[in-house]
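Here the structure is laid out as structure tokens; the discussion comes afterwards.
Throughout, read-outs are computed from the coordinates displayed, never taken from laboratory work. Only a predicted model underlies this, so the values are computations on that prediction, with no experimental measurement involved. Here the Cβ positions follow ideal geometry from the backbone for every residue, glycine too, while neighbour counts run over all protein chains shown.
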Amino acid sequence: MSAPYGASAHGTEQLGAPAEARADDVGRASLGELFSEISGDLSTLMRQEVELAKAEMKQEVAKTGKGAGMLGGAGFAGYMATLFLSIALWWGLANVMDQGWAALIVAAVWVVIAAVLFGTGRATLRTVRPRPERTIETVQQIPDALKGQ
């Protein structure tokens, strides 16, 4: 199937201009004009890519905000449930022992849970690298890639 008049199979021709006329225009253009056109096209492409990235990021940030809000609400609900279950445990233990000892036992359970969470979180944070090593490595390869190496 042939491409319609003024368009190539790759979509690089201008509408309304036959392929032969475009070839003549390029053949008559100076090297400076060609570089200027290429530079302008690359500039336009980069601007469009940046705008697309901004739009995508805006969309993702909105979804992230909604998700974070819901996780925050779930965290608060979990906190309230834990608080009331702890009070219920305290009152339940107070039926078989002194209220002070029951409160101390519930508090001790929470101290153990806090210590385990602290240790796990601290160990996890120690594995965090402050520099994006892979990104730095790939960015350093860009000049060699542009040179064709």
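So for GLU133, GLU33, fewest C-beta neighbours within 10 Å to most, what's the order?
GLU133, GLU33
Given labels modelled 7 Å from the Cα in the Cβ direction, how far is it in nm from ALA62 to VAL112?
4.8 nm
Evaluate E = 1/(1 + (r/R0)^6) for ILE142 and GLN48, where r is the Cβ-Cβ distance and R0 equals 25 Å; express this FRET efficiency to the nearest 0.05.
Step by step, r from the Cβ atoms, then E = 0.80.
Convert each backbone phi in the range 84-92 into a coupling constant with the Karplus relation 6.51 cos²θ - 1.76 cosθ + 1.60 (shift: θ = phi - 60°), then list the ³J(HN,Hα) values in order as whole Hz, x for Gly and Pro.
6, 5, 5, 5, 5, 5, 4, 5, x
For a test of the definition: using alpha carbon positions, the gyration tensor, and the 1.5 limit on a/c, classify the range 79-125 as rounded, prolate or oblate.
The shape class here is oblate.
Need the list of lysines near LYS66 for cross-linking: C-alpha distance under 30 angstrom, and skip anything on the same chain fewer than eight residues off.
LYS54, LYS58
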